[in-house]
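Let me begin by presenting the structure, written as structure tokens, before commenting on it.
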Amino acid sequence: MSHARSERKDSGTGARCRRVCSRLNQAAAKAGIDRQLLELIKLRASQINGCAFCVQYHILQGESLGVPVDRLNQVVVWREAPLFSSRERAALAWTEALTLLTEGVSDEVFAEASAEFSEKELAYLSSAIASINVWNRLGVAYRWTPPARQRWLTRRRREDQFSLPSCVSDQ
């Protein structure tokens, strides 16, 4: 096991980059893309890219949004798992295509994604995939330590307790 080169934190040199990535990522949710679906695609890209921090983070985030653990566990084998809808399958295939760009985006994958998502939705889904791929590259480069389950859950509860309504905090 290799050591962490730096820990993920919300201040310091990379803070501006992380804020830009966060805004790009949040655009998809604000545009109405289902948050559970977004966690599935973030988890899949993170698995492909080998980002331990992001895999653990999006498992925990998915659980907190009510994604059943069985679905999170089977994202890695989504093609063989009967748990995913045609919309989710199209999103996962689109995620793989945009994450593994050296293989290109086939006409078949584009057609499946276009059949399930409007042009606007597909653009926002693509922005979320682009964002998680940037996060993955940062997490892998700096070897961020994956969040410990208990510490992460405690922090989330604290944040939820003191968070402002979205109509106030987005301003």
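Read-outs throughout are calculated quantities, based only on the coordinates presented, and are distinct from any laboratory measurement. None of these values were measured; they are calculated from a predicted model. Cβ placement follows ideal geometry from the backbone for every residue including glycine, while neighbour counts extend to all protein chains displayed.
Numbers at a glance
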read-out: Residue-wise HN-Hα coupling along the range 95-111, computed from phi with Karplus coefficients 6.51, -1.76, 1.60 (Hz; x: Gly, Pro); value: 4, 4, 5, 7, 7, 9, 4, 4, 8, x, 10, 6, 4, 5, 5, 4, 5
read-out: Added length on full extension, which subtracts the Cα-Cα distance from 0.36 nm per residue, Val76 to Cys17; value: 18.4 nm
read-out: Amide H contacts under 5 Å for Thr145, placed H, 5+ residues apart; value: Arg8
read-out: Under the Karplus curve 6.51 cos²θ - 1.76 cosθ + 1.60, θ = phi - 60°, whole-Hz ³J(HN,Hα) for the range 18-35, x wherever Gly or Pro sits; value: 5, 5, 4, 4, 5, 5, 4, 5, 5, 4, 5, 5, 5, 7, x, 5, 3, 5
read-out: Extension gain from Val105 to Ser86, taking 0.36 nm per residue of separation minus the Cα-Cα distance; value: 5.0 nm
read-out: Residues Val140, Val77 arranged by fewest to most Cβ contacts within 10 Å; value: Val77, Val140
read-out: Distance in nm between pseudo-label sites at Arg143 and Ser126 (7 Å out along the Cβ direction from Cα); value: 3.6
read-out: Extension reserve of the Asp34-Glu63 stretch, reckoned as 0.36 nm per residue once the Cα distance is removed; value: 9.0 nm
read-out: ³J(HN,Hα) computed for each position of the range 43-53 - Karplus, 6.51 cos²θ - 1.76 cosθ + 1.60, integer Hz, glycine/proline x; value: 5, 5, 4, 5, 5, 4, 7, x, 9, 4, 4
read-out: Neighbour-count ranking [beta-carbon atoms within 10 angstrom, fewest first] of Ser86, Ser46; value: Ser86, Ser46
